[in-house]
Structure formats: C-alpha cells, structure tokens
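Engineer: Take a look at this one; I'll ask things after.
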Amino acid sequence: MREITTSMAQFFREHLALKYVFFGGKGGVGKTALAGATAIWFAGQGKRTLLASTNPVHSLSGLLEQSVFGAPTPVKGVDLLSAYEIDTRETIERSKKEIREKIQWFLKFADISTKAEDFVESATMNPAFEESAMFENMVDLMLKDEYDVYVFDTAPTANARRLLGMSKVYSLWVDKMLKSREEARTLREMLSFTKKKEEDPLLAYLLQFRQRMGQARERLTNAEKTAFFFVTLPEALPIAVITRFIGWFHEFGIPVGGVVVNMLLDRQALGEKVPDFVRNRIQMQDEHMKTIWEKFDRSVRAIVPLFDQEVRGIEMLRQAGKALFAESG
Ligand SMILES: Nc1ncnc2c1ncn2[C@@H]1O[C@H](COP(=O)(O)OP(=O)(O)O)[C@@H](O)[C@H]1O
Ligand SMILES: [Mg+2]
C-alpha cells in the first residue's frame with residue numbers, strides 16, 4: 001500500500017489562511033458526512049466555523065441530528081460551530097422579488113408601460129435560475145465575513161465548476177449591460193431639454209453586483225483562501241467523476257485541495273473467515289486503489305474506512321474526523 005504524502009491535517013497546517021473549503025464528488029460518496037467532520041475539526045482548532053449546504057436536497061439537519069434550517073444556527077455539542085441549510089424556496093422567492101423590483105425600476109426609468117410581471121416570469125422560469133440564486137446566497141455568506149472558516153457541502157449535480165463558471169458569465173453579462181446602460185443614459189441626456197442628470201438605479205445595481213461577483217471570484221480562485229476536496233470511493237464511476245472535475249478545476253484556475261478516498265474496507269478488521277463476496281470486494285477495491293494512486297498520486301489526503309454504521313450525529317462525525325485527520329505514516 002502506498003503512503004499519503006501530505007495528509008489532510010498537514011495540508012491545513014500548510015494553509016493557515018484557508019477560509020473556504022468545499023467538498024465535491026458523485027452523489028452518495030460521503031461529501032456531506034466529510035464536510036461535517038471537517039467543520040467539527042476546524043471548530044476544534046478554535047476557528048469560528050460555518051458548515052453550509054447549498055444543496056437543494058437537504059441533509060445537514062439529518063447529519064447533525066438537530067434543525068439548522070433557514071438560518072445559521074449554533075450546533076449543540078460543538079463550540080464555535082454553526083450550521084446552515086440554505087432554504088432554497090426562500091432564496092428563490094427573494095431573488096424573484098429583487099428581479100421584479102429591478103425590472104420595475106427599469107420600466108419606469110425607460111418610460112415603458114408594460115407590466116413587469118411578464119419579464120419576471122421569463123427571467124425566472126429558466127432552469128439555471130435556482131442554481132444562480134443559490135450561488136448568490138453563497139456569495140452573500142462569503143462576503144459577510146462573519147466566520148473564520150466556511151465549509152460548503154455543494155450539490156452533486158450543480159457542480160461547483162459550473163457555479164464558478166457562472167461568476168465569469170455574470171461579469172461578462174454585467175459588462176455588456178453596463179455598456180448599453182451608459183449608452184442609453186448618454187442618449188437620454190442628449191435628448192432631454194433639461195440638463196439635469198438622472199440617477200440610474202439599474203446602473204448602480206449592476207456596478208455593485210459586478211463588484212461583488214469579482215470579489216467572490218477573486219477569493220474562490222485564491223489558493224491561500226480556497227480549497228476544493230474531491231471525495232471518491234475505490235470504485236470506477238466515482239473515480240471517473242472526480243477525474244473530470246479536477247480537470248475542469250485546473251482549467252478554471254480553481255484551487256484543488258486534494259482527494260479523499262472514502263469507505264475503504266478495513267481488511268485488518270475482518271479476521272480469518274471472510275466470505276467470498278467480501279473477499280471479492282476487497283480485491284476490487286485494491287484494483288481501484290491502484291488507479292487512485294496512479295492518477296492522483298500526491299494529492300491523496302486521507303483514506304477513510306467504511307464504518308459499520310452511517311455517519312450521523314456528532315459522535316459519529318467525530319469518529320469519521322479522526323480517520324479523516326489521521327496523521328500519515
Ligand atoms: N465512511 C463511511 N462509512 C459508513 N457510512 C458512510 C461513510 N461515509 C458516508 N457514509 C454514509 O453514506 C451515505 C452517503 O453519505 P453522504 O455524506 O450523504 O454522501 P453525499 O453527500 O456525497 O451524497 C450516508 O448515509 C452516510 O452516513
Ligand atoms: Mg450530500
């Protein structure tokens with residue numbers, strides 16, 4: 001068996017300014033569980049920590065066995081840790097309301113007598129709307145700066161790369177909008193009889209929005225502040241998924257913290273009489289571990305065993321944390 005070069009604990013010691021920690025990977029590989037264990041670990045290091053899920057399929061309350069829905073909530077039993085399951089419905093409603101206001105401003109500003117509602121519908125019916133509303137919510141949390149460390153449990157499908165790609169698209173979009181707003185404004189001023197300058201609330205909003213997105217992108221691409229960890233099982237499909245993700249992330253310049261292997265069968269715990277199907281699974285895992293070492297080499301940060309029960313509740317999370325933060329060697 002190969003050895004881990006830089007463990008999770010070592011990596012965090014080498015990145016003391018780290019503030020945004022993400023877990024990605026295929027569904028069911030243990031992202032939520034490991035994000036929880038990591039958040040508890042950071043709180044144990046004396047950092048005010050927020051564990052937040054941008055995942056519309058909620059699971060943090062279940063993970064912690066206490067409700068953390070709708071607002072950052074102190075976690076009972078863990079000092080310095082708060083957790084927050086973002087309320088998708090509320091986030092979407094709030095976003096819709098903001099868009100409605102912007103459109104109303106704009107229509108009034110441009111003297112167009114159309115109902116805002118038609119525009120609101122078309123702006124919010126698009127499938128990426130939910131995703132972008134959740135992304136904005138995450139950016140809000142990040143820029144509020146109320147915690148030392150944020151651990152994000154990201155949605156498996158709405159993969160983080162797309163979210164970040166979106167911040168780039170946002171910038172381009174805002175630039176374009178700004179340009180046409182400026183042009184419209186100049187034209188208006190030229191045509192108007194009074195020389196009085198009008199303030200353009202949409203323009204002000206776009207400027208502020210672009211600034212926020214720029215700040216978020218700056219932080220998310222800063223390797224001192226941000227690290228994405230990819231969770232895999234010793235199985236073909238999850239390995240293929242994170243291979244793709246890691247490729248994308250490198251392309252986008254988003255810092256990859258490393259790879260965590262979860263649910264490895266502990267052969268030492270098995271004793272003598274191992275049934276054939278278990279033996280076969282161990283052999284299969286061995287093969288996939290070879291691939292993992294070949295592909296990810298020095299980026300493997302931890303190998304977490306398969307426990308005899310689900311990772312749920314603070315006690316179990318601490319136990320998973322012990323494995324995740326075991327010193328290598
Ligand atoms: N090392 C492990 N041993 C045993 N069960 C685990 C382990 N890691 C995760 N689990 C369990 O596997 C299931 C999926 O984990 P979860 O964290 O919800 O995955 P994801 O968030 O990636 O979909 C959960 O029931 C969780 O408790
Ligand atoms: Mg999950």
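Engineer: Assess whether G258 counts as being at pLDDT 90 or above, away from ligand 2 (no atom under 16 Å from the Cβ) and touching a Ser or Thr at 6+ places or on another chain (Cβ under 7 Å). If you could, list the steps in order and put the result at the bottom.
Structural biologist: On the way: at pLDDT 90 or above: yes; away from ligand 2 (no atom under 16 Å from the Cβ): yes; touching a Ser or Thr at 6+ places or on another chain (Cβ under 7 Å): yes.
It is true that G258 is at pLDDT 90 or above, away from ligand 2 (no atom under 16 Å from the Cβ) and touching a Ser or Thr at 6+ places or on another chain (Cβ under 7 Å).
Engineer: Only residues in the range 280-291 that are closer than 13 Å to P305 by Cα count as the first member; pair them with residues that are of a type in the set (A, V, I, L, M, F, W, C), Cβ under 7 angstrom, at least 6 apart or cross-chain, and list the lot.
Structural biologist: The qualifying pairs are I282/L265; Q285/L264; Q285/L265.
Engineer: Answer yes or no as to whether G36 is within 16 Å of ligand 1 (Cβ to nearest atom) and either acidic (D, E) or in contact (Cβ under 8 Å) with a residue 24 or more places away in the chain (or both). Steps first, please.
Structural biologist: On the way: within 16 Å of ligand 1 (Cβ to nearest atom): yes; either acidic (D, E) or in contact (Cβ under 8 Å) with a residue 24 or more places away in the chain (or both): yes.
When the stated conditions are applied, G36 passes them.
Engineer: Tell me, which residue of the range 15-30 that is among the aliphatic types (A, V, I, L, M), assigned to a loop (DSSP other than H, G, I, E, B) and touching a residue at least 40 places away in the same chain (Cβ under 8 Å) is farthest from ligand 2 (Cβ to nearest atom)? Steps first, answer last, please.
Structural biologist: Of the range 15-30, the ones among the aliphatic types (A, V, I, L, M) are 16-18, 21, 29.
Retained after the next criterion (residues that are assigned to a loop (DSSP other than H, G, I, E, B)): 16-18, 29.
Imposing the further condition that a residue be touching a residue at least 40 places away in the same chain (Cβ under 8 Å) reduces the set to 17-18, 29.
Details: A17: 27, L18: 21, V29: 9 Å.
Across the range 15-30, the extreme among qualifying residues is A17.
Engineer: Name, by its number, the condition in (1) under 16 Å from E146 (Cβ atoms); (2) surrounded by 15 or more Cβ atoms within 10 Å (Cβ to Cβ) that does not hold for A71.
Structural biologist: (2)
Engineer: Inside the range 31-68, can you point out the residues that are away from ligand 2 (no atom under 15 Å from the Cβ), in contact with a Ser or Thr (Cβ under 7 Å, 6 or more places away or on another chain) and farther than 22 Å from V260 by Cα?
Structural biologist: The one that is away from ligand 2 (no atom under 15 Å from the Cβ), in contact with a Ser or Thr (Cβ under 7 Å, 6 or more places away or on another chain) and farther than 22 Å from V260 by Cα: S67.
Engineer: Could you figure out which of (1) in a helix (DSSP H, G or I); (2) at pLDDT below 85; (3) surrounded by 12 or more Cβ atoms within 10 Å (Cβ to Cβ) isn't true of A155?
Structural biologist: It fails just one condition, (1).
Engineer: Can you confirm whether the range 245-254 contains a residue that is charged (D, E, K, R) and farther than 29 Å from D145 by Cα?
Structural biologist: Looking only at the range 245-254, we keep the residues that are charged (D, E, K, R), and these are 251.
Subsequent filtering for residues that are farther than 29 Å from D145 by Cα retains none.
The answer is no, given that none of the residues of the range 245-254 is charged (D, E, K, R) and farther than 29 Å from D145 by Cα.
Engineer: Does I112 satisfy being of a type in the set (A, V, I, L, M), in a helix (DSSP H, G or I) and more than 19 Å from R301 (Cβ to Cβ)? So that I can check it myself, show each step before the final result.
Structural biologist: Working: of a type in the set (A, V, I, L, M): yes; in a helix (DSSP H, G or I): no; more than 19 Å from R301 (Cβ to Cβ): yes.
Criteria not met by I112.
Engineer: If you check E90, E130, which single one turns out to be closer than 25 Å to G28 by Cα, charged (D, E, K, R) and away from ligand 2 (no atom under 16 Å from the Cβ)?
Structural biologist: On the way: E90 fails: closer than 25 Å to G28 by Cα.
Only one candidate qualifies: E130.
Engineer: Separate question: Determine which member of the set S132, S113 is hydroxyl-bearing (S, T, Y) and in contact with a helix residue (DSSP H, G or I) (Cβ under 7 Å, 6 or more places away or on another chain). Step through it out loud before you land on a result.
Structural biologist: Working: S113 fails: in contact with a helix residue (DSSP H, G or I) (Cβ under 7 Å, 6 or more places away or on another chain).
Of the residues listed, the single one that is hydroxyl-bearing (S, T, Y) and in contact with a helix residue (DSSP H, G or I) (Cβ under 7 Å, 6 or more places away or on another chain) is S132.
Engineer: Can you name every residue in the range 53-73 that is more than 9 Å from ligand 1 (Cβ to nearest atom), touching a strand residue (DSSP E or B) at 6+ places or on another chain (Cβ under 9 Å) and either at pLDDT 95 or above or not in a strand (DSSP E or B) (or both)?
Structural biologist: If the condition is that a residue be more than 9 Å from ligand 1 (Cβ to nearest atom), touching a strand residue (DSSP E or B) at 6+ places or on another chain (Cβ under 9 Å) and either at pLDDT 95 or above or not in a strand (DSSP E or B) (or both), then T54, H58, L60, S61, L64, Q66, S67, V68, G70, A71, P72, T73 are the ones that fit.
Engineer: Further question: Does M138 meet the test of being surrounded by 15 or more Cβ atoms within 10 Å (Cβ to Cβ) and either within 20 Å of E218 (Cβ to Cβ) or more than 16 Å from ligand 1 (Cβ to nearest atom) (or both)?
Structural biologist: Answer is yes for this residue.
Engineer: If you don't mind, there's one more thing I want to ask. Report, by residue number, each residue of the range 183-202 that is at pLDDT 75 or above, under 19 Å from L107 (Cβ atoms) and surrounded by fewer than 15 Cβ atoms within 10 Å (Cβ to Cβ).
Structural biologist: Selection gives E183, L187.
Engineer: Have a look at E117, E90, E101 and point out the one that is more than 16 Å from ligand 1 (Cβ to nearest atom) and in contact with a Lys or Arg (Cβ under 9 Å, 6 or more places away or on another chain).
Structural biologist: Values: E90 fails: in contact with a Lys or Arg (Cβ under 9 Å, 6 or more places away or on another chain); E101 fails: in contact with a Lys or Arg (Cβ under 9 Å, 6 or more places away or on another chain).
Only one candidate qualifies: E117.
Engineer: Determine if the range 17-28 includes at least one residue that is over 14 Å from the mean Cα position of the chain (by Cα), over 20 Å from I242 (Cα atoms) and surrounded by fewer than 17 Cβ atoms within 10 Å (Cβ to Cβ).
Structural biologist: Within the range 17-28 (the criterion being over 14 Å from the mean Cα position of the chain (by Cα), over 20 Å from I242 (Cα atoms) and surrounded by fewer than 17 Cβ atoms within 10 Å (Cβ to Cβ)), the answer is yes, since at least one residue qualifies.
Engineer: Could you list, in sequence order, the residues of the range 69-87 that are within 16 Å of ligand 2 (Cβ to nearest atom) and touching a residue at least 40 places away in the same chain (Cβ under 8 Å)?
Structural biologist: Here is the first cut: in the range 69-87, the residues within 16 Å of ligand 2 (Cβ to nearest atom) are 69, 83-86.
Within the range 69-87, A83, Y84, I86 qualify.
Engineer: Given (1) more than 13 Å from ligand 2 (Cβ to nearest atom); (2) without any contact (Cβ under 8 Å) to a residue 60 or more places away in the chain; (3) not charged (D, E, K, R), identify the lone condition not met by A110.
Structural biologist: The single condition A110 does not satisfy is (2).
The values are calculated or read from the model by the stated rules, or taken from the named source; none is laboratory data. Quick caveat: nothing in here was measured; it's all calculated off a predicted structure. Positions of Cβ are generated from backbone atoms using ideal geometry, with glycine treated the same way; all protein chains shown enter the neighbour counts.
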